[in-house]
Amino acid sequence: AGHAARLARFISTRLVRNDGLFKAVARGRQIEGAELEDYAYIVAGLLDYAEAAKDNMAKQLASRLAHQAWNRFFSSRGWRREANPLLKTIRPEAILPDGATPSPSAMLIAASLRLDDAGLNTMARQALSWQSMAMSHDPFAFATHIRVYQQGIN
């Protein structure tokens, strides 16, 4: 738990600011531009730590970052991977596939369902209700979404 506590403290003191998350810290400088993936994995990790260590502050931080992620990356048109993409022609997607790592949208949905927050729960259930033709054509690319969907409807 010592390493996990230090990592949670690093996240809360070096990567988080009031209005969001830094992408990284390099050579003592905080780098802007955190993406959906950064938020999703940090929220999930903080929540795992909070539950294991019974750390309510880490859980509150996970909830705050989850709200920020939903506000930045989700809309009625779908998910954006970046808040301000360089290519303005990139369209939001209903669901994001898994890649080398699990889908960031699925990770954020799963974490949001675990938090005791009615607003996050409502947004997560709304996002879970979206289906994509791609899911039925290539279920292996959406394995994390399928797992979260099965857990979320129970």
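What follows is calculated from the coordinates using simple rules that are stated; it is not laboratory data. Note that the structure is predicted; figures quoted are calculated from it, not measured. Quick reminder, even Gly has a Cβ in these numbers, built from the backbone with ideal geometry, and neighbours come from all protein chains shown.
Side notes on the structure shown:
- GNM flexibility winner over the chain from R17, R114, R64 (Cα, springs under 10 Å): R17
- Highest-MSF residue in the chain out of M123, M107, M57 [GNM, Cα springs under 10 Å]: M57
- Between the helical axis of 143-152 and the longest alpha-carbon principal axis of the chain there is an angle of about 80 degrees.
- The peptide list 80-91, 136-147, 38-49, put in order of mean Cβ contacts within 10 Å with the highest first, becomes 38-49, 136-147, 80-91.
- At most 15 other Cβ within 10 Å, DSSP loop - GluC sites (Glu not before Pro), the range 7-62: E32
- Correct option for Cα Rg over 2.2 N^0.38 Å [calculated from the coordinates] among [x] 0.99; [y] 1.04; [z] 1.16: [y]
- Among A134, A58, A94, the residue with the largest mean-square fluctuation in a Gaussian network model of the chain, with springs joining Cα atoms closer than 10 Å, is A134.
- The chain: angle of helix 118-129 to the longest principal axis, Cα-based, in degrees nearest 10: 30
- Karplus (6.51, -1.76, 1.60) ³J(HN,Hα), θ = phi - 60°, over the range 39-55, in Hz, Gly and Pro reported as x: 4, 4, 6, 5, 4, 4, x, 4, 5, 4, 4, 4, 5, 5, 9, 6, 9
- Taking Cα centre as origin and charging only the Cβ of basic (Lys, Arg, +1) and acidic (Asp, Glu, -1) residues, the dipole magnitude of the range 4-154 rounds to 440 debye.
- Of the residues L36, A26, N121, the one whose Cα sits farthest toward the positive end of the charge dipole of the chain, with +1 on the Cβ of Lys and Arg and -1 on the Cβ of Asp and Glu, is A26.
- On Cα atoms only, tilt of 56-73 relative to the major axis of the chain in degrees: 40
- Of S76, S63, S129, the sequence from fewest to most neighbouring Cβ atoms within 10 angstrom is S76, S129, S63.
- Options W79, A106, A58, ranked by Cα towards positive dipole end of the chain, top entry (Cβ charges): A58
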